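This report concerns only the one structure given below.
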């Protein structure tokens, strides 16, 4: 059974159509990517799912039906904006939030001790939240999201403010939650994290679903819109190339929709200073796909 079913969702605020037509499903044991440019309707979709807003049209089923109070306690939500009580101590705040979700104090204290140790916040437990660094506050919010052991985890820009060490740790935690059968929805602009973690994605633009499916299948469907190049010369300005990235002598080029890779190769060979030692079609990154699909849907 799907944990979440979103069907033809729509929501307006006055004359602004925040969400026009969004549909997707999410199942237990997967990390699902909710993606889109700024202002696409992602946050509104999340708030509709959590019953903060009421939809104008469409249907949302959470755990098989409407979102009741008991079901809300089975959800952990990490907002992009920090929402902890800055004047309160870290331990006091996290215990309070866990008890709001129905966890008894003894259990909450036991779990909290384990999470504080794992996320290296044990020494800060009696500090006021406003004294913590940005990264520490983000880790505190992650603990608040998971402390009541939710079945549905909704995370908005979860890696904001984290250094590479803590980013790796948090990714490992999310992988463990998925392996435990939890349902995770992740909204982020960090496409490399989406590629590393997500099974499936939906891309929203202007309030509508414009791309939906398995990450691996989507990337295969867009193969041929990117090339890998090695050689000598200046390959930065080529007609039909969307963007260029260079890594240790290897050039990766995302192609505009409709661009023939062979035409790019011919263009490169017309430059007398260019020497091509490797030219092959590549699987595009989600960054490339994101740019292409959003650009196409804006036309």
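The values are calculated or read from the model by the stated rules, or taken from the named source; none is laboratory data. Nothing here was measured: the structure is a model prediction, and the numbers come from that model. Note: ideal-geometry Cβ built from the backbone for every residue, glycine included; neighbour counts use all protein chains shown.
Numerical summary
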{"item": "Residues satisfying the stated conditions in the range 186-227, i.e. free of Cβ contacts under 8 Å to residues at least 40 places away in the same chain and on the phi > 0 side of the Ramachandran plot", "result": "213"}
{"item": "Residue within the range 187-195 that is within 16 Å of residue 154 (Cβ to Cβ), touching a strand residue (DSSP E or B) at 6+ places or on another chain (Cβ under 6 Å), in the same structural domain as residue 11 (by TED's automatic domain parsing) and assigned to a strand (DSSP E or B) present", "result": "yes"}
{"item": "Condition broken by residue 28, with the remaining ones in (1) under 25 Å from residue 197 (Cβ atoms); (2) crowded, with 22+ Cβ neighbours inside 10 Å satisfied", "result": "(2)"}
{"item": "Meets criteria (surrounded by 12 or more Cβ atoms within 10 Å (Cβ to Cβ), under 32 Å from the mean Cα position of the chain (by Cα), at pLDDT below 85 and over 28 Å from residue 38 (Cα atoms)) for residue 281", "result": "yes"}
{"item": "Check on residue 264, touching a residue at least 40 places away in the same chain (Cβ under 8 Å), crowded, with 18+ Cβ neighbours inside 10 Å, in contact with a strand residue (DSSP E or B) (Cβ under 7 Å, 6 or more places away or on another chain) and not assigned by TED's automatic domain parsing to the domain that holds residue 35", "result": "no"}
{"item": "Residues that are part of a strand (DSSP E or B) and over 25 Å from residue 196 (Cα atoms), drawn from the range 256-299", "result": "275, 276, 277, 278, 279"}
{"item": "Enumeration of residues in the range 216-225 that are more than 15 Å from residue 292 (Cβ to Cβ) and in contact with a strand residue (DSSP E or B) (Cβ under 8 Å, 6 or more places away or on another chain)", "result": "none"}
{"item": "Flag for residue 40 being assigned by TED's automatic domain parsing to the domain that holds residue 162 and either over 21 Å from residue 195 (Cα atoms) or free of Cβ contacts under 8 Å to residues at least 60 places away in the same chain (or both)", "result": "no"}
{"item": "Subset tally (residues that are part of a loop (DSSP other than H, G, I, E, B) and surrounded by fewer than 12 Cβ atoms within 10 Å (Cβ to Cβ)) for the range 50-77", "result": "4"}
{"item": "Whichever residue in the range 31-49 is in a loop (DSSP other than H, G, I, E, B) and touching a helix residue (DSSP H, G or I) at 6+ places or on another chain (Cβ under 6 Å) and, among such residues, is surrounded by the most Cβ atoms within 10 Å (Cβ to Cβ)", "result": "36"}
{"item": "Filter pass, residue 183 being in the same structural domain as residue 80 (by TED's automatic domain parsing), modelled with pLDDT under 95, buried (at least 17 other Cβ atoms within 10 Å of the Cβ) and under 15 Å from the mean Cα position of the chain (by Cα)", "result": "no"}
